[in-house]
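We did not get these values from a lab; they are worked out from the coordinates using the rules stated. All values derive from a computational prediction rather than experimental measurement. Because the Cβ atoms are built from the backbone with ideal geometry, glycine has one as well, and the counts that use them run over all protein chains shown.
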Amino acid sequence: MAFELNILVGTMTGIAQLVAQEIELRLDGEGLRVNTLEMDELKPDVFDRDGIFLICTSTYGQGDVPDNAKDLYDALCAQKPGLSHLSYGVIGLGDRTYAETFCFGGKRFDKILTELGAQRIGEMMLHDASSGTLPEDDASEWIEPWVALCHQHLGGAAEPQAAQS
């Protein structure tokens, strides 16, 4: 079953964009239509699009979302749109050296989307910049099993997925 995957990118240095591009390359020809959108100037109505969403974001400063994702994040927190129709996943980029705020960019988006009624599919991918692995390599390994979970979710197997979230 084909579906549309909307990757929303929050980045300061371009690493999250690189991860999104690697995912696009990995999934090319998999029966998916992948749309990658940088979060600059996006509004909460972006979630009115069809498909499943993948938030791919770095963490900045004291556990904040990147500058280009701040307006979207703040609008979600302020407007509190109902997102019970939304299914999503998260790739969070961070550095365990900052243990108290590790991957908080992704974790913040996960928290607000859940509060607004959206359903996360599977576990978040949290990449540690100090691990010695490249985030795009880890993401390309993580994405195919996650896409399989998306197919299960769309095929009506949402109940077992909810237990894993």
Q.
Which of His85, His151 has the fewest other C-beta atoms within 10 Å, and how do the rest follow up to the most?
A. His85, His151
Q) When the chain is treated as a GNM, springs tying every alpha-carbon pair under 10 Å, which of Ser84, Ser131, Ser58 comes out with the largest mean-square fluctuation? A) Ser131
Q. What size of dipole, in debye to the nearest 20, comes out for segment 15-96 about its Cα centre when the only charges are +1 on Lys and Arg C-beta atoms and -1 on Asp and Glu C-beta atoms?
A. 280 debye
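Within the set of other residues whose C-beta is less than 11 Å from the C-beta of Arg120, count the net charge using Lys and Arg as +1 and Asp and Glu as -1.
Here the count lands on -1.
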Q: Under a 10 Å cutoff between Cα atoms, tell me which one of Gly117, Gly106, Gly132 has the largest fluctuation in the Gaussian network model of the chain.
A: Gly132
Q: Provide the three semi-axes, in whole Å and in decreasing order, of the ellipsoid equivalent to segment 3-157 as defined by the square roots of 5 times the Cα gyration tensor eigenvalues.
A: 21, 20, 14
Q.
Can you compute the label reach from Arg33? Point 7 Å from Cα along the Cβ direction, backbone N cut-off under 17 Å, restricted to segment 51-66.
A. 51-54
Q. For Arg33, Arg120, Arg108, what ranking results if the residue with the fewest other Cβ atoms within 10 Å of its Cβ goes first?
A. Arg33, Arg120, Arg108
Q: Would you please state which residues of segment 127-149 a label at Gln62 would reach in this model, taking the label point 7 Å out along Cα→Cβ and a backbone N cut-off of under 11 Å?
A: none
Q | Separation of alpha-carbon centers, segment 127-158 and segment 1-76, rounded to whole Å | A | 14 Å
Q | GluC sites (Glu not before Pro) lying in DSSP loop within segment 9-67, provided at most 15 other Cβ fall within 10 Å | A | Glu30, Glu41
Q) Of Leu93, Gly122, Leu83, which is farthest on the positive side of the dipole of segment 79-161, counting Cα position, with +1 on Lys and Arg Cβ, -1 on Asp and Glu Cβ, and the Cα centre as origin? A) Leu83
Q: Could you tell me what percent of the DSSP beta bridges with both partners in segment 19-165 are antiparallel, to the nearest 5?
A: 10 percent
Q) Taking the chain as a Gaussian network, Cα atoms linked when under 10 Å apart, which of Gly122, Gly14, Gly94 shows the biggest mean-square fluctuation? A) Gly14
Q.
Which of Ser130, Ser140 has the fewest other C-beta atoms within 10 Å, and how do the rest follow up to the most?
A. Ser130, Ser140
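Can you give the FRET efficiency for Phe3 and Cys77, using 1/(1 + (r/R0)^6), R0 = 30 Å, r = Cβ-Cβ distance, to the nearest 0.05?
The pair Phe3/Cys77 has a calculated efficiency of 0.60.
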Q: Give, rounded to the nearest 20 debye, the magnitude of the charge dipole that the chain has about its Cα centre when Lys and Arg contribute +1 at Cβ and Asp and Glu contribute -1 at Cβ.
A: 460 debye
Q.
Net charge within 11 Å of Tyr88 by Cβ-Cβ distance, Lys/Arg positive one each and Asp/Glu negative one each, not counting Tyr88 itself?
A. 0
Q: Tabulate in residue order the Karplus-calculated ³J(HN,Hα) for segment 17-29, using 6.51 cos²θ - 1.76 cosθ + 1.60 with θ = phi - 60°, rounded to whole Hz; enter x for Gly and Pro.
A: 5, 4, 4, 4, 5, 5, 5, 4, 4, 5, 8, 4, x
Q: Would you calculate a helix-derived [θ] at 222 nm for the chain, using -39,500 (n - 2.57) for each DSSP H run of n ≥ 4 and dividing by the full residue count, to the nearest 500?
A: -12500 deg cm²/dmol
